[in-house]
1. Rounded to the nearest 0.05, what FRET efficiency is calculated for A:ARG214 and A:GLU331 with R0 set to 45 Å and r the Cβ-Cβ distance?
2. Which order, highest average first, do A:97-105, B:341-349 follow once you tally other Cβ atoms within 10 Å for each residue and take the mean per peptide?
3. Note the distances from A:ASP228 to each other copy's matching label point, with points 7 Å along the Cα-to-beta-carbon direction, in nm, sorted shortest first.
4. Please check: in the Gaussian network model of chain B (C-alpha springs, under 10 Å), which one of B:ILE377, B:ILE412, B:ILE176 has the largest mean-square fluctuation.
5. How would you order A:159-169, A:237-247 from highest to lowest mean count of nearby Cβ atoms within 10 Å?
6. Just to verify a number: FRET efficiency for A:ALA373 and B:GLU411, C-beta to C-beta distance, R0 = 45 Å, to 0.05?
7. Using DSSP to call loops (not H, G, I, E or B), can you name the chymotrypsin sites (Phe, Trp or Tyr not before Pro) in the stretch B:1-48 whose Cβ has at most 14 other Cβ atoms within 10 angstrom?
8. Looking at the stretch B:1-100, which trypsin sites (Lys or Arg not before Pro) are DSSP coil and have at most 15 other C-beta atoms within 10 Å of their C-beta?
There are 2 protein chains.
Amino acid sequence: MKFVVTDLIRKKRFGSPLQDQELKFLVENYVNGDIPDYQMSAFLMAVCFRGMTAEETASYTQFLKNSGSTLSFEAHHPHVVDKHSTGGVGDKTSLMLAPIVAETGVRVPMIAGRGLGHTGGTLDKLESIPGFSVKLTLTEFQKNLETRGFSIIGQTNEICPADKKLYALRDVTGTIDSLPLICGSIMSKKLAEGLSALVLDVKFGSGAFMKTEREAIELAQLLKTTGDRNGVDVHVLITSMEEPLGCFIGNSLEVFECLEILQGKQRIIDGEDFYSDTKELTLKLAGEMIYAGKKADNPEAGYKMAQEILSSGAALKNFKNMVEFQGGGLEKAFLGCKQVYEVPALQSGFVTKMNVEALGMASLLLGAGRQKASDVIDPHVGMEMQTRIAMPVKKGSPLCLIHSNGHEEKEILTQKIQQAVSIGNQNPGAPRLIRKTLR
Amino acid sequence: MKFVVTDLIRKKRFGSPLQDQELKFLVENYVNGDIPDYQMSAFLMAVCFRGMTAEETASYTQFLKNSGSTLSFEAHHPHVVDKHSTGGVGDKTSLMLAPIVAETGVRVPMIAGRGLGHTGGTLDKLESIPGFSVKLTLTEFQKNLETRGFSIIGQTNEICPADKKLYALRDVTGTIDSLPLICGSIMSKKLAEGLSALVLDVKFGSGAFMKTEREAIELAQLLKTTGDRNGVDVHVLITSMEEPLGCFIGNSLEVFECLEILQGKQRIIDGEDFYSDTKELTLKLAGEMIYAGKKADNPEAGYKMAQEILSSGAALKNFKNMVEFQGGGLEKAFLGCKQVYEVPALQSGFVTKMNVEALGMASLLLGAGRQKASDVIDPHVGMEMQTRIAMPVKKGSPLCLIHSNGHEEKEILTQKIQQAVSIGNQNPGAPRLIRKTLR
């Protein structure tokens, strides 16, 4: 071998940046099996402590990308844009973004993920539609994009096999939470889509991986630099995940919310539209994507275009077309659950805070998500929020409704949700959803 | 499993000490194969960054020890003492210590190691004696101890299998140099010998693993605390390895030096006895062992007893008995090499400094040691020092003699040795060999 693996591990351990060729050697030889897991996991742990420079991160990401197939469009097609979110609870914007943005002529090649832990995944949501297949080949996917402008599929074995293998190793060695490793994992898959630009929704708060705005900005900057160094224009929205996004949490329930929004509906509870934040974030992200895809002169113009596409029904039509084309049938999508019950507030006051991660974990108890990758989910179950931060609640009134198929222990779940929603006497004011934009 | 391995890895990663039960779980399940290498190597790398508390180190060491067989003597036999050196170049004291100390009634159960890298190993030195077997069973070893008072054997598979497996993993994952891991590896094997006391020779300087006296003291204190917490009385000598110990480097050459010292001989070169430091360190360590084994009231009295045993010929007799008993024949031990040549000084002046690690590595080129564990060594080759720090040298006069069987490239070796010995105009004064004692 060209390098001695322990030399490279020790170089990182003692804080020296690795050269391009050294990172390339590590990634390539790990994928082909010449470097064993036990050496790579020691290296990954050293990265957790020492980090990587922006230059190392960009190179590492590039080598992950190069480990597999990449999409390519006509040379330098300036209108290929995707969105990626760092994950949250109730975050269903992708389902509407692709149908909205594609209508402007921007191509949206969305390779999406599954839910893990407290956060949901776009693929699980789409698969709650009976018959819907996310398993297209890359060839079918690319053809879809050329004829219909957008497509949403699952991770394939052809894209970034290095990331797949490394992610699995990080998962079992306590090395998931490292900014450069997270960045490499996110960006390699996105770079493989052959994008001209990428819009990122980097979330922070109790329901996000990044707990503070400062951490989110740090990650955002690293993601942006990594994109820039790899020739992709990256725009970032820093958004709050201090309460669930929208009204529903749970796979088919979230598809239902999207269809209602695509149909122009609202969901008013105590005078508040519980769809308004989902809709607003979707339009902001869509506007940014349209701008990044050079179909609008500025994000505000993009936002207006998105608004019109939504209200004209064009986005709904595109969404329905996608469902039909990928084999799904919406008529049987919303079967409902065996039981719907309320989780009552234990006292009166204002909702001051939500532990959104705990709410996401509660939806796992219902069967809506996975604790580990091999868990099977129930597409129909979930939660329907009846309150949000800064709203008044009365003792005994519902914090949320539970759509249940009986997987959970009702008392335990009820308690967990009651504990996750703090009620106090002072109205804290509603949190701002979109905090910052980096371009 | 009782604990989730990633939880334990992450606990260490984020700086929390592990509980006894958690360390026990890790060691036991790693040895039995339930915890894979890739998880353990991530844990070890986290230990390299976070360290272990004295309490964790003592527990970790205990669990390594408990992974295999341990020796035991009559309940609380107060006179079982071994010595361990952290390794150096020309360090042959063990060969004389056991025969000297055993003569006082202290039992010396010496489980010794092999050379790796620039440092030599007691087993390789003994095996240079034709027929000498270091492969006794633990039962034979224990019987030897009871009838003859001492025995020197190699590591067996029954002793500390956890250390064996962990050491091999650390070797290929860049995690060798971590004080608690080094401490665990050294002390677990010594604790398994059923000692009442242990005398440590912790070396520092250009020929030792610890480069500074401060580092050596830090390791010494950790070793001592770990011994104390496991019920073994630990005495430490902090000694300098800024020049090779004694006159000879190389396996049969070092046995030769020991035999000469055991016979009361000197080796005078330019008015200096080149055996004096080997002899002095041996007597100091022996005195400390005799004192630790409660056969002398203080180390000075122990030293005097050791001196008498050496000059009376009793130690020589014991050594010869051991050789005979373990199958060796001294009459064919010193065959000599094909060629002996000089490495001349390039200038006149005083020897101001030696790069002892480089001298050790030079002896590897001759075939006297191993770069990796599977290398085969030539027992006869080595170096015979002709100068030491603070001695005057003349341009062209020999720095050392090379005993060669033609494995090396003569010009390269000569250059390396010339580079390793610094010559200047100022006499730096001879370095003090024994710097500090911890009891």
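1. About 0.45, to the nearest 0.05.
2. Put in order of decreasing packing, that is A:97-105, B:341-349.
3. 5.5
4. B:ILE412
5. A:237-247, A:159-169
6. Result of the calculation: an efficiency of 0.15.
7. B:PHE14
8. B:LYS2
The numbers here are math on the coordinates, done by the rules we state, and not lab data. This structure is a prediction, so every number in the text was calculated from the model and none was measured. Glycine gets a Cβ as well: all are built from the backbone with ideal geometry, and neighbour counts include every protein chain shown.
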